[in-house]
Amino acid sequence: MRAALLRMRRSGLLPVAFGGLVPSPAAPPARLFRITELSGTDTESLRGLAISTGNGLGGKALASARPCTVTDYRSSRVISHEYDPAVASEGLRSVLAVPIVVHRRVRGVLYGALRVPYAIGDRPLNVALDAARELEQALAVRDEAHRLLSFAQAPVAADPRAWEEVREAHTELRSLAGRIGDVHLRQQLLSACAKLAAAAAPPEQPAPAPAVPPPHLTARELDVLAAIASGATNAAAATRLRLRPETVKSYLRSAMRKLGAHTRLEAVVAARRSGLLP
């Protein structure tokens, strides 16, 4: 949220930016959110303000899931005026509100504002929309990471089909970890990957203990090998990991050399026997 607001202000078109997220994304459609982040404000009048669906400009964006703008907040006839004192204390006049929508659910609202009554055109609106889209992508990745993390922390079933799901979750977790900006969450994902890789195989497929310490593979070598283990081609692995195909080949060759493997399949088998992959 903070990065999205800074992006809006750095455009030079929206000197004031603020916003907030709904408290529980898993709950029924949001009825309320609080403004928690401010950028470029002179006062704290907006911080903590509870915005109800349908009320004010942000509440209208929350209810409609569409961007809304007003040229002069205090005299506008298209919104209700429950929040006029807070808006007036900050001296805001022209305001836009852009909903943050993830999987068709409104997860919050970004605001941009001017201290003069000026019609907000396409350029500042597009800046706010771009910031909202980036935030939506970050939230979608975070949601998926939490989903996979909860799956990874569940007991592993003995069913071979469930084991394949664990391997797929491991691959997705590793690819997501590289896209997570939250250091704590990224470390959680990598720790979960390590637990999955070290987990005991089901009775039908016992995993012998390695006679020698496993070779050290870099994080990217493991990412590539996990993608290959899931059946991805070099091109598909490159797309998933946001790498160039040539880079994927380089990491794969390095991993194979360290594992003493001559083929992709041998490398995957060797990594599993060494406890590097589930």
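The criterion of at least 2 residues that are over 25 Å from the mean Cα position of the chain (by Cα) is met, among helices (runs of 4 or more DSSP H) falling completely within segment 1-96, by 56-64, 84-90.
Take residue 108 and tell me if it is in a strand (DSSP E or B), within 26 Å of the chain's Cα centre (by Cα) and over 20 Å from residue 13 (Cα atoms).
yes
Hey, can you tell me all the residues within segment 248-259 that are of a type outside the set (D, E, K, R) and either in contact with a helix residue (DSSP H, G or I) (Cβ under 7 Å, 6 or more places away or on another chain) or surrounded by 20 or more Cβ atoms within 10 Å (Cβ to Cβ) (or both)? Result: 248, 251, 252, 254, 255, 256, 259.
Look at segment 257-278: where a residue is more than 18 Å from residue 191 (Cβ to Cβ) and a partner is exposed (fewer than 13 other Cβ atoms within 10 Å of the Cβ) and among the β-branched types (Val, Ile, Thr), sitting 6+ places away or on another chain with Cβ atoms under 9 Å, you get 274/212.
Going by the conditions given, is residue 66 exposed (fewer than 14 other Cβ atoms within 10 Å of the Cβ), closer than 20 Å to residue 119 by Cβ and in contact with a strand residue (DSSP E or B) (Cβ under 9 Å, 6 or more places away or on another chain)? Here the answer is yes, as residue 66 does meet what is asked. Of 105, 31, all but one fail to be modelled with pLDDT under 95, in contact with a helix residue (DSSP H, G or I) (Cβ under 9 Å, 6 or more places away or on another chain) and either of a type outside the set (Ser, Thr, Tyr) or over 25 Å from residue 133 (Cα atoms) (or both); the exception is 31. The set of residues in segment 111-130 that are in a loop (DSSP other than H, G, I, E, B) and of a type in the set (A, V, I, L, M) comprises 114, 116, 119, 120.
To keep it simple, each residue is scored yes or no on (1) farther than 20 Å from residue 141 by Cα; (2) at pLDDT below 80; (3) among the aliphatic types (A, V, I, L, M); (4) crowded, with 18+ Cβ neighbours inside 10 Å.
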{"position": "179", "(1), (2), (3), (4)": "no, yes, no, no"}
{"position": "182", "(1), (2), (3), (4)": "no, yes, no, no"}
{"position": "186", "(1), (2), (3), (4)": "no, yes, no, no"}
{"position": "208", "(1), (2), (3), (4)": "yes, yes, no, no"}
{"position": "238", "(1), (2), (3), (4)": "no, no, yes, yes"}
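Based on this model, can you work out whether residue 225 counts as under 14 Å from residue 170 (Cα atoms) and either surrounded by 21 or more Cβ atoms within 10 Å (Cβ to Cβ) or outside the structural domain of residue 175 (by TED's automatic domain parsing) (or both)?
Numbers: under 14 Å from residue 170 (Cα atoms): yes; either surrounded by 21 or more Cβ atoms within 10 Å (Cβ to Cβ) or outside the structural domain of residue 175 (by TED's automatic domain parsing) (or both): yes.
When the stated conditions are applied, residue 225 passes them.
The values are calculated or read from the model by the stated rules, or taken from the named source; none is laboratory data. This structure is a prediction, so every number in the text was calculated from the model and none was measured. Please note: Cβ atoms are built from the backbone with ideal geometry, for glycine as well, and neighbour counts cover all protein chains shown.
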